[in-house]
Amino acid sequence: MLNLYKYLTTAAYTITYPWLKKKYALGFDERRGIYSKEKCLNKAIWVHAVSVGEVQAASPFISEVKKAEKNPFTADNEINILLSTTTLTGAETAKQLNVKYDAHIYYPWDLKRFVKRSLDCLKPRAFVFVETEIWPMMLNQLKQREIPAFLINGRISDRSFKRMSRLPSFWRNVFSCFSHIMVRDEQDVYRLERLGISNGKISVTGDCKIDAMLERKAQCSSLQTIKRAFPVFIAGSTHPGEEEQVIEAFKILRGKVPGAKLIIVPRHPNRAVEVGALTSQVGRTVFYSDFKDYEFLSDVNTWEFLIVDRIGALFCLYGIAESAFIGGSLVPKGGQNIMEPALFGTPLCHGKYMSDFHHVSEQFGALGISKVVDTAEEIANFWLLGMNEDFKHEAARQSESWFSKHGGAASKCWDTIKSLIK
(Lines give C-alpha, C1' and ligand atoms only; values in the text may rest on other atoms or scores of the structure.)
Protein backbone atom coordinates (compact mmCIF):
# COMPACT_ATOMS: atom_id res chain seq x y z
CA MET A 1 0.00 0.00 0.00
CA LEU A 2 2.88 2.39 0.72
CA ASN A 3 4.16 1.79 -2.82
CA LEU A 4 0.77 2.84 -4.20
CA TYR A 5 0.86 5.94 -1.97
CA LYS A 6 4.38 6.68 -3.27
CA TYR A 7 3.19 6.35 -6.88
CA LEU A 8 0.10 8.54 -6.39
CA THR A 9 1.93 11.34 -4.55
CA THR A 10 4.71 11.38 -7.14
CA ALA A 11 2.17 11.56 -9.97
CA ALA A 12 0.23 14.32 -8.21
CA TYR A 13 3.43 16.33 -7.69
CA THR A 14 4.45 15.97 -11.33
CA ILE A 15 1.04 17.04 -12.63
CA THR A 16 0.67 20.00 -10.28
CA TYR A 17 4.32 21.15 -10.34
CA PRO A 18 3.70 24.48 -12.18
CA TRP A 19 0.87 25.36 -9.79
CA LEU A 20 2.89 24.33 -6.73
CA LYS A 21 5.89 26.37 -7.82
CA LYS A 22 3.72 29.46 -8.15
CA LYS A 23 1.57 28.96 -5.03
CA TYR A 24 4.46 27.96 -2.77
CA ALA A 25 7.17 30.22 -4.17
CA LEU A 26 8.06 31.15 -0.59
CA GLY A 27 10.04 28.26 0.82
CA PHE A 28 9.84 26.26 -2.41
CA ASP A 29 13.33 24.76 -2.00
CA GLU A 30 12.67 23.87 1.63
CA ARG A 31 9.48 22.06 0.61
CA ARG A 32 11.76 19.90 -1.56
CA GLY A 33 14.22 19.22 1.26
CA ILE A 34 16.84 21.84 0.38
CA TYR A 35 17.99 24.02 3.30
CA SER A 36 20.60 26.61 4.12
CA LYS A 37 23.48 25.31 6.24
CA GLU A 38 22.45 27.19 9.40
CA LYS A 39 19.10 25.39 9.50
CA CYS A 40 20.72 21.97 9.77
CA LEU A 41 20.90 21.98 13.56
CA ASN A 42 22.75 19.45 15.67
CA LYS A 43 20.39 16.65 16.76
CA ALA A 44 17.40 18.97 17.14
CA ILE A 45 13.92 17.96 18.15
CA TRP A 46 11.87 18.58 15.01
CA VAL A 47 8.35 19.82 15.75
CA HIS A 48 5.93 20.02 12.83
CA ALA A 49 2.87 22.27 13.17
CA VAL A 50 1.05 22.76 9.89
CA SER A 51 -0.66 26.14 10.48
CA VAL A 52 -2.11 28.55 13.04
CA GLY A 53 -3.96 26.14 15.35
CA GLU A 54 -1.15 23.60 15.42
CA VAL A 55 1.44 26.28 16.14
CA GLN A 56 -0.70 27.45 19.05
CA ALA A 57 -0.72 23.89 20.41
CA ALA A 58 3.02 23.46 19.83
CA SER A 59 4.01 26.69 21.60
CA PRO A 60 3.57 25.54 25.25
CA PHE A 61 5.14 22.17 24.42
CA ILE A 62 8.23 23.90 23.02
CA SER A 63 8.32 26.11 26.12
CA GLU A 64 8.38 22.98 28.30
CA VAL A 65 11.28 21.55 26.29
CA LYS A 66 13.20 24.81 26.59
CA LYS A 67 12.70 24.93 30.36
CA ALA A 68 15.26 22.18 30.81
CA GLU A 69 18.31 23.74 32.44
CA LYS A 70 20.53 21.18 30.78
CA ASN A 71 20.06 18.97 27.77
CA PRO A 72 19.37 15.50 29.25
CA PHE A 73 20.67 13.77 26.11
CA THR A 74 24.00 15.46 25.35
CA ALA A 75 26.58 17.68 27.01
CA ASP A 76 25.02 20.76 25.38
CA ASN A 77 23.34 23.32 27.61
CA GLU A 78 20.23 23.62 25.50
CA ILE A 79 17.98 21.46 23.35
CA ASN A 80 17.64 22.78 19.81
CA ILE A 81 14.13 23.05 18.38
CA LEU A 82 13.51 22.91 14.65
CA LEU A 83 9.98 24.13 13.89
CA SER A 84 8.37 23.41 10.55
CA THR A 85 5.08 24.77 9.24
CA THR A 86 3.24 24.23 5.99
CA THR A 87 1.64 27.66 5.72
CA LEU A 88 2.96 31.20 5.86
CA THR A 89 0.30 32.09 8.45
CA GLY A 90 1.66 29.28 10.63
CA ALA A 91 5.15 30.80 10.43
CA GLU A 92 3.77 34.28 11.20
CA THR A 93 1.82 32.92 14.18
CA ALA A 94 5.00 31.39 15.59
CA LYS A 95 6.64 34.82 15.48
CA GLN A 96 3.62 36.54 17.02
CA LEU A 97 3.53 34.04 19.88
CA ASN A 98 7.29 34.32 20.36
CA VAL A 99 7.67 30.56 20.08
CA LYS A 100 11.15 29.58 21.30
CA TYR A 101 12.42 27.71 18.25
CA ASP A 102 16.02 27.77 17.00
CA ALA A 103 15.24 27.47 13.29
CA HIS A 104 12.15 27.43 11.10
CA ILE A 105 11.61 25.61 7.82
CA TYR A 106 8.69 24.90 5.51
CA TYR A 107 7.72 21.25 5.74
CA PRO A 108 8.84 19.01 2.85
CA TRP A 109 6.27 17.47 0.56
CA ASP A 110 5.75 13.80 1.40
CA LEU A 111 7.67 12.35 -1.54
CA LYS A 112 10.41 9.85 -0.74
CA ARG A 113 13.26 11.79 -2.36
CA PHE A 114 12.30 15.02 -0.57
CA VAL A 115 11.86 13.31 2.79
CA LYS A 116 15.19 11.48 2.50
CA ARG A 117 16.97 14.68 1.49
CA SER A 118 15.45 16.47 4.50
CA LEU A 119 16.47 13.82 6.99
CA ASP A 120 19.96 13.51 5.49
CA CYS A 121 20.53 17.20 6.19
CA LEU A 122 18.56 17.78 9.39
CA LYS A 123 19.28 14.50 11.26
CA PRO A 124 16.78 15.18 14.09
CA ARG A 125 17.07 13.45 17.46
CA ALA A 126 13.29 13.03 17.52
CA PHE A 127 10.28 14.10 15.45
CA VAL A 128 7.08 15.51 16.97
CA PHE A 129 3.93 15.81 14.85
CA VAL A 130 1.17 18.08 16.19
CA GLU A 131 -2.55 17.20 16.07
CA THR A 132 -3.57 15.70 12.70
CA GLU A 133 -0.35 15.88 10.69
CA ILE A 134 0.27 12.25 9.79
CA TRP A 135 2.50 11.80 6.74
CA PRO A 136 3.12 8.16 5.75
CA MET A 137 6.41 8.59 3.87
CA MET A 138 8.01 10.72 6.57
CA LEU A 139 6.93 8.25 9.25
CA ASN A 140 8.25 5.33 7.22
CA GLN A 141 11.65 6.98 6.78
CA LEU A 142 11.86 7.95 10.45
CA LYS A 143 11.23 4.34 11.44
CA GLN A 144 13.86 3.05 9.01
CA ARG A 145 16.42 5.44 10.50
CA GLU A 146 15.35 4.58 14.06
CA ILE A 147 14.46 8.20 14.79
CA PRO A 148 11.67 8.22 17.40
CA ALA A 149 8.44 9.81 16.18
CA PHE A 150 5.67 11.16 18.40
CA LEU A 151 2.21 12.60 17.95
CA ILE A 152 1.13 15.21 20.50
CA ASN A 153 -2.28 16.78 20.92
CA GLY A 154 -3.50 14.06 18.61
CA ARG A 155 -7.08 14.02 17.47
CA ILE A 156 -8.98 11.84 15.06
CA SER A 157 -11.93 13.85 13.76
CA ASP A 158 -15.17 12.32 12.50
CA ARG A 159 -14.08 12.92 8.90
CA SER A 160 -10.59 11.51 9.43
CA PHE A 161 -11.93 8.42 11.18
CA LYS A 162 -14.37 7.68 8.35
CA ARG A 163 -11.59 8.07 5.80
CA MET A 164 -9.13 5.92 7.75
CA SER A 165 -11.75 3.23 8.39
CA ARG A 166 -11.89 2.53 4.66
CA LEU A 167 -8.22 1.45 4.70
CA PRO A 168 -7.60 0.27 8.27
CA SER A 169 -4.57 -1.91 7.45
CA PHE A 170 -2.78 0.98 5.71
CA TRP A 171 -3.37 3.38 8.59
CA ARG A 172 -2.51 0.71 11.16
CA ASN A 173 0.89 0.37 9.50
CA VAL A 174 1.31 4.16 9.39
CA PHE A 175 0.48 4.62 13.08
CA SER A 176 2.76 1.73 14.00
CA CYS A 177 5.70 3.96 13.01
CA PHE A 178 5.06 6.21 16.02
CA SER A 179 7.04 5.55 19.18
CA HIS A 180 4.12 6.97 21.17
CA ILE A 181 0.84 8.75 20.46
CA MET A 182 -0.53 11.38 22.86
CA VAL A 183 -4.17 12.31 22.31
CA ARG A 184 -6.62 14.79 23.77
CA ASP A 185 -9.36 12.51 25.07
CA GLU A 186 -10.74 8.98 25.32
CA GLN A 187 -12.68 9.20 22.06
CA ASP A 188 -9.39 9.51 20.18
CA VAL A 189 -8.11 6.41 22.01
CA TYR A 190 -11.25 4.50 21.04
CA ARG A 191 -10.88 5.43 17.38
CA LEU A 192 -7.22 4.49 17.25
CA GLU A 193 -7.97 1.15 18.88
CA ARG A 194 -10.70 0.55 16.28
CA LEU A 195 -8.01 1.02 13.65
CA GLY A 196 -5.95 -1.64 15.38
CA ILE A 197 -3.41 0.52 17.23
CA SER A 198 -2.09 -0.99 20.46
CA ASN A 199 -3.45 0.70 23.58
CA GLY A 200 0.02 0.55 25.14
CA LYS A 201 1.25 3.01 22.51
CA ILE A 202 -1.42 5.63 23.34
CA SER A 203 -1.73 8.11 26.23
CA VAL A 204 -4.42 10.67 27.04
CA THR A 205 -2.53 13.84 27.92
CA GLY A 206 -5.16 16.52 27.26
CA ASP A 207 -5.14 19.54 24.99
CA CYS A 208 -1.96 21.62 24.71
CA LYS A 209 -4.04 24.49 23.32
CA ILE A 210 -5.42 25.02 26.82
CA ASP A 211 -1.89 25.70 28.09
CA ALA A 212 -1.29 27.98 25.11
CA MET A 213 -4.45 29.95 25.83
CA LEU A 214 -3.60 30.32 29.49
CA GLU A 215 -0.23 31.77 28.44
CA ARG A 216 -1.82 34.17 25.97
CA LYS A 217 -4.54 35.40 28.29
CA ALA A 218 -2.06 37.47 30.27
CA GLN A 219 -1.28 39.45 27.11
CA CYS A 220 -4.90 40.65 26.96
CA SER A 221 -5.02 42.27 30.39
CA SER A 222 -4.78 45.86 29.10
CA LEU A 223 -7.79 45.38 26.81
CA GLN A 224 -9.97 44.04 29.61
CA THR A 225 -9.37 47.15 31.74
CA ILE A 226 -10.83 49.49 29.11
CA LYS A 227 -14.26 50.77 30.10
CA ARG A 228 -16.94 50.66 27.43
CA ALA A 229 -20.02 52.78 27.12
CA PHE A 230 -21.88 50.15 25.09
CA PRO A 231 -22.37 46.35 25.05
CA VAL A 232 -20.25 44.43 22.53
CA PHE A 233 -21.12 41.09 20.94
CA ILE A 234 -18.83 39.03 18.77
CA ALA A 235 -19.13 36.50 15.96
CA GLY A 236 -15.78 34.72 15.75
CA SER A 237 -14.20 32.77 12.90
CA THR A 238 -17.24 32.97 10.64
CA HIS A 239 -17.54 31.28 7.26
CA PRO A 240 -19.62 32.12 4.17
CA GLY A 241 -23.28 31.45 4.88
CA GLU A 242 -22.93 32.41 8.55
CA GLU A 243 -22.41 36.17 8.33
CA GLU A 244 -25.94 36.66 6.99
CA GLN A 245 -27.31 34.81 10.02
CA VAL A 246 -25.34 36.78 12.58
CA ILE A 247 -26.21 40.08 10.90
CA GLU A 248 -29.89 39.17 11.05
CA ALA A 249 -29.46 38.13 14.70
CA PHE A 250 -27.89 41.49 15.46
CA LYS A 251 -30.79 43.33 13.82
CA ILE A 252 -33.15 41.48 16.19
CA LEU A 253 -30.89 42.24 19.16
CA ARG A 254 -30.67 45.94 18.31
CA GLY A 255 -34.43 46.16 18.52
CA LYS A 256 -34.07 45.38 22.25
CA VAL A 257 -30.58 46.79 22.93
CA PRO A 258 -30.24 49.90 20.73
CA GLY A 259 -26.68 50.70 21.80
CA ALA A 260 -25.22 47.28 21.05
CA LYS A 261 -22.24 46.80 18.74
CA LEU A 262 -21.22 43.68 16.78
CA ILE A 263 -17.68 42.57 15.96
CA ILE A 264 -17.43 40.05 13.12
CA VAL A 265 -14.17 38.17 12.64
CA PRO A 266 -14.15 36.17 9.37
CA ARG A 267 -12.20 32.91 9.60
CA HIS A 268 -10.17 34.16 6.64
CA PRO A 269 -9.27 37.87 6.94
CA ASN A 270 -9.15 38.31 3.17
CA ARG A 271 -12.97 38.07 3.24
CA ALA A 272 -13.24 41.20 5.39
CA VAL A 273 -14.27 43.48 2.52
CA GLU A 274 -16.87 40.95 1.38
CA VAL A 275 -18.34 40.77 4.90
CA GLY A 276 -18.16 44.55 5.26
CA ALA A 277 -20.27 44.92 2.11
CA LEU A 278 -23.01 42.88 3.85
CA THR A 279 -22.95 44.84 7.10
CA SER A 280 -22.83 48.21 5.32
CA GLN A 281 -26.33 47.52 4.03
CA VAL A 282 -27.55 47.34 7.63
CA GLY A 283 -25.50 49.79 9.67
CA ARG A 284 -22.35 51.89 10.05
CA THR A 285 -19.35 49.65 9.38
CA VAL A 286 -15.67 50.14 10.18
CA PHE A 287 -12.61 47.90 9.92
CA TYR A 288 -10.23 46.86 12.67
CA SER A 289 -7.22 48.16 10.73
CA ASP A 290 -8.75 51.66 10.68
CA PHE A 291 -7.89 52.11 14.36
CA LYS A 292 -4.80 52.15 16.54
CA ASP A 293 -4.76 49.76 19.45
CA TYR A 294 -8.32 49.51 20.80
CA GLU A 295 -9.49 53.09 20.34
CA PHE A 296 -12.65 51.84 18.60
CA LEU A 297 -13.97 50.90 22.06
CA SER A 298 -14.33 54.58 22.96
CA ASP A 299 -15.77 55.52 19.57
CA VAL A 300 -19.48 55.40 20.43
CA ASN A 301 -21.26 56.95 17.47
CA THR A 302 -19.28 56.06 14.34
CA TRP A 303 -19.85 52.32 14.11
CA GLU A 304 -22.32 49.52 14.66
CA PHE A 305 -20.29 46.78 12.95
CA LEU A 306 -16.56 46.25 13.32
CA ILE A 307 -15.01 43.84 10.79
CA VAL A 308 -11.68 42.37 11.81
CA ASP A 309 -9.28 42.22 8.86
CA ARG A 310 -6.12 41.08 10.63
CA ILE A 311 -4.81 37.72 11.84
CA GLY A 312 -4.40 37.23 15.57
CA ALA A 313 -6.86 39.83 16.88
CA LEU A 314 -9.78 37.56 17.76
CA PHE A 315 -8.44 35.92 20.92
CA CYS A 316 -8.23 39.05 23.10
CA LEU A 317 -11.46 40.49 21.67
CA TYR A 318 -13.42 37.61 23.20
CA GLY A 319 -12.55 39.11 26.58
CA ILE A 320 -14.65 42.25 26.00
CA ALA A 321 -17.80 40.58 24.66
CA GLU A 322 -21.07 40.10 26.53
CA SER A 323 -21.44 36.81 24.66
CA ALA A 324 -20.19 35.22 21.46
CA PHE A 325 -21.15 33.14 18.46
CA ILE A 326 -18.56 30.64 17.20
CA GLY A 327 -18.32 30.15 13.45
CA GLY A 328 -17.75 27.10 11.33
CA SER A 329 -20.72 25.56 13.11
CA LEU A 330 -23.85 26.67 11.24
CA VAL A 331 -22.18 25.32 8.11
CA PRO A 332 -20.41 21.93 8.09
CA LYS A 333 -16.85 23.05 8.81
CA GLY A 334 -16.33 21.18 12.09
CA GLY A 335 -16.57 24.27 14.29
CA GLN A 336 -13.89 26.67 15.50
CA ASN A 337 -12.22 26.95 18.89
CA ILE A 338 -14.92 27.35 21.55
CA MET A 339 -12.39 27.30 24.39
CA GLU A 340 -11.09 30.79 23.58
CA PRO A 341 -14.21 32.76 24.62
CA ALA A 342 -14.83 30.39 27.53
CA LEU A 343 -11.36 31.17 28.90
CA PHE A 344 -12.52 34.75 29.46
CA GLY A 345 -15.78 33.59 31.02
CA THR A 346 -17.71 34.75 27.94
CA PRO A 347 -20.89 32.70 27.29
CA LEU A 348 -21.03 31.34 23.77
CA CYS A 349 -23.37 29.75 21.27
CA HIS A 350 -22.66 27.70 18.17
CA GLY A 351 -24.39 25.65 15.50
CA LYS A 352 -24.73 21.88 15.35
CA TYR A 353 -21.57 21.23 13.32
CA MET A 354 -18.91 20.93 16.04
CA SER A 355 -17.14 17.66 15.17
CA ASP A 356 -13.66 19.17 15.71
CA PHE A 357 -14.63 20.14 19.27
CA HIS A 358 -17.24 17.48 19.90
CA HIS A 359 -16.40 16.53 23.48
CA VAL A 360 -15.63 20.05 24.66
CA SER A 361 -18.86 21.40 23.19
CA GLU A 362 -20.83 18.68 24.98
CA GLN A 363 -19.09 19.46 28.27
CA PHE A 364 -19.63 23.20 27.90
CA GLY A 365 -23.28 22.65 27.06
CA ALA A 366 -23.81 20.53 30.17
CA LEU A 367 -22.12 23.21 32.31
CA GLY A 368 -24.25 26.04 30.87
CA ILE A 369 -21.26 27.74 29.25
CA SER A 370 -22.53 27.21 25.70
CA LYS A 371 -25.69 26.50 23.76
CA VAL A 372 -26.48 25.02 20.35
CA VAL A 373 -28.38 27.40 18.07
CA ASP A 374 -29.83 27.01 14.61
CA THR A 375 -31.44 30.32 13.60
CA ALA A 376 -30.76 34.03 13.75
CA GLU A 377 -33.50 34.42 16.33
CA GLU A 378 -31.88 31.82 18.59
CA ILE A 379 -28.53 33.57 18.30
CA ALA A 380 -30.15 36.90 19.20
CA ASN A 381 -31.91 35.39 22.21
CA PHE A 382 -28.66 33.90 23.48
CA TRP A 383 -26.81 37.17 23.05
CA LEU A 384 -29.56 38.89 25.01
CA LEU A 385 -29.24 36.28 27.76
CA GLY A 386 -25.52 37.05 27.87
CA MET A 387 -26.35 40.47 29.29
CA ASN A 388 -27.90 38.88 32.38
CA GLU A 389 -25.30 39.29 35.14
CA ASP A 390 -26.31 36.17 37.06
CA PHE A 391 -26.14 34.03 33.92
CA LYS A 392 -22.80 35.47 32.88
CA HIS A 393 -21.35 35.10 36.38
CA GLU A 394 -22.31 31.41 36.54
CA ALA A 395 -20.90 30.73 33.06
CA ALA A 396 -17.62 32.39 34.11
CA ARG A 397 -17.48 30.35 37.31
CA GLN A 398 -18.02 27.10 35.44
CA SER A 399 -15.41 28.07 32.84
CA GLU A 400 -12.80 28.83 35.46
CA SER A 401 -13.44 25.48 37.14
CA TRP A 402 -13.17 23.60 33.82
CA PHE A 403 -9.86 25.21 32.84
CA SER A 404 -8.33 24.59 36.27
CA LYS A 405 -8.91 20.85 35.72
CA HIS A 406 -7.68 20.59 32.13
CA GLY A 407 -4.30 22.36 32.04
CA GLY A 408 -0.85 20.79 32.01
CA ALA A 409 -1.00 18.79 28.76
CA ALA A 410 2.25 20.25 27.39
CA SER A 411 4.33 19.15 30.37
CA LYS A 412 2.75 15.66 30.27
CA CYS A 413 3.69 15.32 26.60
CA TRP A 414 7.28 16.40 27.20
CA ASP A 415 7.64 14.08 30.21
CA THR A 416 6.48 11.16 28.07
CA ILE A 417 8.77 11.98 25.16
CA LYS A 418 11.75 12.64 27.41
CA SER A 419 11.38 9.19 28.96
CA LEU A 420 11.41 7.52 25.53
CA ILE A 421 14.25 9.35 23.80
CA LYS A 422 17.63 7.63 24.10
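The values are calculated or read from the model by the stated rules, or taken from the named source; none is laboratory data. Everything quoted here is computed from the prediction, not taken from an experiment. So basically every Cβ, Gly included, is an ideal-geometry build from the backbone, and we count neighbours across all protein chains shown. The protein model used for the area step is the full one, side chains on, heavy atoms only, and it has no ligands, DNA or RNA in it. Shrake-Rupley method; radii C 1.70, N 1.55, O 1.52, S 1.80 Å.
Among the residues of region 249-284, those identified as under 15 Å from Ile379 (Cα atoms) and open to solvent by 30 Å² or more (accessible area, probe 1.4 Å) are Lys251, Ile252, Arg254, Gly255, Lys256. Taking the numbered list (1) open to solvent by 80 Å² or more (accessible area, probe 1.4 Å); (2) free of Cβ contacts under 8 Å to residues at least 60 places away in the same chain; (3) among the acidic types (Asp, Glu) in turn, Glu394 passes all entries but (1). Scanning region 1-32 for residues that are among the hydrophobic types (A, V, I, L, M, F, W, C) and loosely packed, with under 13 Cβ neighbours inside 10 Å gives Met1, Leu4, Leu8, Ala11, Ile15, Trp19, Ala25, Leu26. Screening the candidates Lys112, Lys95 for the property of being surrounded by fewer than 17 Cβ atoms within 10 Å (Cβ to Cβ) and free of Cβ contacts under 8 Å to residues at least 12 places away in the same chain yields one hit, Lys95.
Determine whether Ile15 is more than 25 Å from Met164 (Cα to Cα), among the hydrophobic types (A, V, I, L, M, F, W, C) and touching a residue at least 40 places away in the same chain (Cβ under 8 Å). Considered against the rule, which asks whether it is more than 25 Å from Met164 (Cα to Cα), among the hydrophobic types (A, V, I, L, M, F, W, C) and touching a residue at least 40 places away in the same chain (Cβ under 8 Å), Ile15 comes out as no. Screening Ile234, Ile252, Ile263, Ile226 for residues that are more than 16 Å from Ala313 (Cβ to Cβ) and not small (Gly, Ala, Ser) leaves exactly one candidate, Ile252.
Elements of the type strands (runs of 3 or more DSSP E) sitting completely within region 169-248 and holding at least 3 residues that are of a type in the set (A, V, I, L, M, F, W, C) and open to solvent by less than 60 Å² (accessible area, probe 1.4 Å): these cover 180-183, 232-238.
Quick one: would you say Ile152 is under 17 Å from Ile421 (Cβ atoms), at pLDDT 95 or above and part of a loop (DSSP other than H, G, I, E, B)? Taking the combined requirement at face value, the residue does not satisfy it. Please work out if Met213 is within 22 Å of the chain's Cα centre (by Cα) and modelled with pLDDT of 95 or more. Against the criterion (within 22 Å of the chain's Cα centre (by Cα) and modelled with pLDDT of 95 or more), Met213 does not qualify. The criterion of being without any contact (Cβ under 8 Å) to a residue 60 or more places away in the chain, under 25 Å from the mean Cα position of the chain (by Cα), in a loop (DSSP other than H, G, I, E, B) and over 19 Å from Lys227 (Cα atoms) does not hold for Arg271. Of everything listed in (1) open to solvent by 10 Å² or more (accessible area, probe 1.4 Å); (2) among the aromatic types (Phe, Trp, Tyr); (3) closer than 29 Å to Ile226 by Cβ, the single unmet condition for Tyr353 is (3).
Yes/no matrix, rows are residues, columns are (1) under 22 Å from Pro60 (Cα atoms); (2) out of contact with any Pro (no Cβ under 8 Å at 6 or more places or on another chain):
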residue	(1), (2)
Leu306	no, yes
Ile338	yes, yes
Gly351	no, yes
Asp374	no, yes
Phe391	no, no
Ala396	no, yes
Ile421	yes, no
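Of the residues that make up region 313-333, is at least one of a type outside the set (S, T, N, Q), open to solvent by 50 Å² or more (accessible area, probe 1.4 Å) and in contact (Cβ under 8 Å) with a residue 60 or more places away in the chain? Yes, because at least one residue in region 313-333 is of a type outside the set (S, T, N, Q), open to solvent by 50 Å² or more (accessible area, probe 1.4 Å) and in contact (Cβ under 8 Å) with a residue 60 or more places away in the chain. Glu340 passes every criterion in (1) touching a helix residue (DSSP H, G or I) at 6+ places or on another chain (Cβ under 8 Å); (2) free of Cβ contacts under 8 Å to residues at least 40 places away in the same chain apart from (2).
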